Amino acid sequence: MSDSRTGAVLRFSYGIMGSGKSTVALQVHHNLTRRGLHGILCTLYDRDGTKVSSRLGVSRQAIEVTPGLDLLALAKEHLAEAGDLDFVVCDEVQFYEEAQIDQLAAVVDELGADVFAYGLLTDFRGQLFDGTRRMLELADEHVPLSVEARCWCGHRATHNARLVNGKMTTEGETIVIGDTESGTPSADDKLFGDVVTYELLCRRHYVAGVAGPPPP
Ligand SMILES: [Zn+2]
């Protein structure tokens, strides 16, 4: 549509849980909107399904990315209605379908809009999410979110461990709910009677399966 527009990018910013990516996604949307730019905010599996929220308490209406939703068609619709589309901010892209990541690349290439995508790299099994793998394959820019997080041992945390009833597990579904705060189980975390929590660990303790210090 706009071959004259150059320089649009697909930027993937990634971090571990607790890296503040949802907050950054909101901030970017806010900053660009304040400058009079037109954009869309997308998320998935957030706490109530319709808002990008962060633990800092900021939230904003967003489009929920459901399975099968065509993000290129959505962007074209917005462009037709608003007359302009400068950017798309996407949170939780690790859960997007591979086809939806392809559509985001097409938003950049066909519509000339910037796409700022945020997501987790690896799941609790230590493997790339499907959406993340596709994003790494397609993105123009890869930006690590550099918020420091620490393992219980004091080393830099690089892995999300899943704990069921306090015991580390590498089995089960990869679906998680938002940026679940590690170590603070709530009623929402109850799954068939089990309490599921997440803990940030260094690679050494993730691989060793040691989610906390040994008892004194
Ligand atoms: Zn450690």
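Taking 0.36 nm per residue of separation and subtracting the Cα-Cα distance, full extension of the segment from Glu98 to Arg156 would add 17.9 nm. Taking the Cβ-Cβ separation of Lys167 and Glu64 as r and a Förster radius of 45 Å, what is the calculated FRET efficiency to the nearest 0.05? Efficiency, from the Cβ-Cβ distance: 0.90.
Suppose accessible area is computed on protein heavy atoms with a 1.4 Å probe; arrange Asp70, Asp86, Asp123 from highest to lowest.
The residues order as Asp70, Asp86, Asp123, largest area first.
Each listed q (0.17, 0.19 Å⁻¹) maps to a log10 I(q)/I(0) for region 62-150 from the Debye sum over equal C-alpha point scatterers, namely -0.71, -0.87. Applying Stokes-Einstein at 4 °C and 1.567 mPa s to the Kirkwood radius of region 71-119, computed over alpha-carbon pairs, gives a translational diffusion coefficient of 120 µm² s⁻¹.
Once R0 is set to 25 Å, what does the formula 1/(1 + (r/R0)^6) return for the Cβ-Cβ distance between Val143 and Ala73, expressed as a FRET efficiency to the nearest 0.05? Mind showing how you got there, number by number?
Details: r = 27 Å, r/R0 = 1.09.
For Val143 and Ala73, the calculated efficiency is 0.40.
If you plug the beta carbon distance of Arg133 and Arg35 into 1/(1 + (r/R0)^6) with R0 = 25 Å, you get a FRET efficiency near 0.15. Among residues other than Ala161 whose Cβ falls under 13 Å from its Cβ, what is the net charge (Lys/Arg +1, Asp/Glu -1)? Cβ neighbours under 13 Å give a net charge of +2.
The values are calculated or read from the model by the stated rules, or taken from the named source; none is laboratory data. Model, not experiment: these values are computed from the prediction. We place every Cβ from the backbone using ideal geometry, glycine too, and count neighbours over all the protein chains shown. Ligands, DNA and RNA are excluded from the accessible area calculation, which covers all protein heavy atoms including side chains. Shrake-Rupley method; radii C 1.70, N 1.55, O 1.52, S 1.80 Å.
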